[in-house]
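Novice: What follows is a single structure, and I will ask about it in a moment.
The values are calculated or read from the model by the stated rules, or taken from the named source; none is laboratory data. Computed from a prediction, not measured in an experiment: that's the story for all the values here. Heads up, the Cβs are rebuilt from the backbone with ideal geometry, glycines too, and the neighbour counts pull from every protein chain shown. Ligands, DNA and RNA are excluded from the accessible area calculation, which covers all protein heavy atoms including side chains. Shrake-Rupley method; radii C 1.70, N 1.55, O 1.52, S 1.80 Å.
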Amino acid sequence: MQFIVKTIKNDDIKNELLKIGFDSQYIDLAAQKHDFLSLKIENLPFYCATIIKQTALSKGADAGVHRDVLLGKIENSSLILSGTIKQLKEILKSLSYQPFGLKNVAKLIEDEINLHFKKKSPKIMGILNVTKDSFSDGGKFF
């Protein structure tokens, strides 16, 4: 089973919740809860989505799932996991002890957090052209 974890921009949270089948009547209140780092985990069996959601809630974070996940009416669902970095790290620590491949999901969440906050160092490139005709001096000062 292959999972996909990707970062969601805070501006896209309402649209992403609707895409996974989240209840549209609760969308405005839910979007307020998803105001930190939000990750989308795709292709989760409903029981994995339930474990992740319950783990998130126990850590003070939140997870949006298709409304039929909790009733077991669908086999697979996407999930949107949102919380502070501290909450997300606590969640992935707990998930690393769970069955059903959730240790792999925890590693993907950790990778995504690290990627999101990785500092980019500046890159400098210079070109030195030293041919005889490269400067306006007409080649006097090679």
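Novice: Hey, what do the phi angles of region 87-93 turn into as Karplus ³J(HN,Hα) couplings, whole Hz, using 6.51/-1.76/1.60 and θ = phi - 60°, x for Gly and Pro?
Specialist: For region 87-93, the Karplus curve yields 4, 5, 5, 5, 5, 5, 5 Hz.
Novice: Run through region 22-113 and list the chymotrypsin sites (Phe, Trp or Tyr not before Pro) located in a DSSP loop whose Cβ has at most 14 other Cβ atoms within 10 Å. Please report the intermediate quantities before stating the final value.
Specialist: On the way: sites: 22, 26, 36, 46, 47, 97, 100; in loops: 22, 36, 97, 100.
Those satisfying the criteria are 97, 100.
Novice: Here's another thing I want to ask about it. Hey, what's the Cα Rg ratio for region 7-65 versus the globular rule of thumb, 2.2 N^0.38 Å? Write out the running numbers ahead of the final one.
Specialist: Details: Rg = 10.9 Å, N = 59, 2.2 N^0.38 = 10.4 Å.
This ratio for region 7-65 stands at 1.05.
Novice: Expressed as a whole number of Å, what is the distance separating the alpha-carbon centroids of region 44-85 and region 92-112?
Specialist: That distance is 14 Å.
Novice: Relative contact order (percent) for region 4-59, with alpha-carbon contacts under 8 angstrom and 6 or more residues of separation?
Specialist: Contact order relative to length: 49 percent.
Novice: At 1.4 Å probe size, with no ligands or nucleic acids counted, give the accessible surface of residue 12 in Å², nearest ten.
Specialist: 70 Å²
Novice: Residue 118: which lysines have alpha carbons under 21 Å from its alpha carbon, excluding same-chain residues fewer than 8 sequence positions away?
Specialist: 6, 9, 40, 86, 89, 93, 107
Novice: How large is ³J(HN,Hα), in whole Hz, for each residue of region 13-29 in order, when computed from phi with the Karplus curve 6.51 cos²θ - 1.76 cosθ + 1.60 and θ = phi - 60°, using x for Gly and Pro?
Specialist: 4, 4, 4, 5, 4, 5, 4, 8, x, 4, 4, 5, 5, 9, 4, 5, 5
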